[in-house]
Amino acid sequence: MENKNTPFELDVQLHDLHTLENRLHGVTKQNMDELSAIELAMQNKELFRGQIEVEDKPSRYFLLSRFAPEGYCTVDKAGMVLDVNRTIETMLGMSPCALNEILHYV
């Protein structure tokens, strides 16, 4: 079968193919950009969720120790009392500052 297209018709077909290729490339690039934006949004959501979990843990443990039925205290490297829970405050009837004053003489 012989191709009966004229050079002009072949040029028009080639131009149409280039136009279609450019449009397809534009759609593909737009889809890739949208996909990248969605992926970034999902990663940001996961990071935010992880940040909330990390920030929530210290407060959860603080509350657990603060209201524990056993006495807990936090001291620094020098042995100074930084904080005591409510059980120690109730048992001794004093705040961490007052406890430091007493321990200073021991």
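Just for the stretch 36-74: of the residues that are under 24 Å from MET94 (Cβ atoms) and assigned to a helix (DSSP H, G or I), which one is nearest to the chain's Cα centre (by Cα)? It comes out as TYR61. Within the stretch 91-106, the set of residues being modelled with pLDDT of 80 or more and surrounded by 10 or more Cβ atoms within 10 Å (Cβ to Cβ) comprises MET91, LEU92. In this structure, LYS4 does not qualify as in a loop (DSSP other than H, G, I, E, B), exposed (fewer than 10 other Cβ atoms within 10 Å of the Cβ) and modelled with pLDDT of 80 or more.
The values are calculated or read from the model by the stated rules, or taken from the named source; none is laboratory data. These numbers were taken from a predicted model, which means no experiment stands behind them. Heads up, the Cβs are rebuilt from the backbone with ideal geometry, glycines too, and the neighbour counts pull from every protein chain shown.
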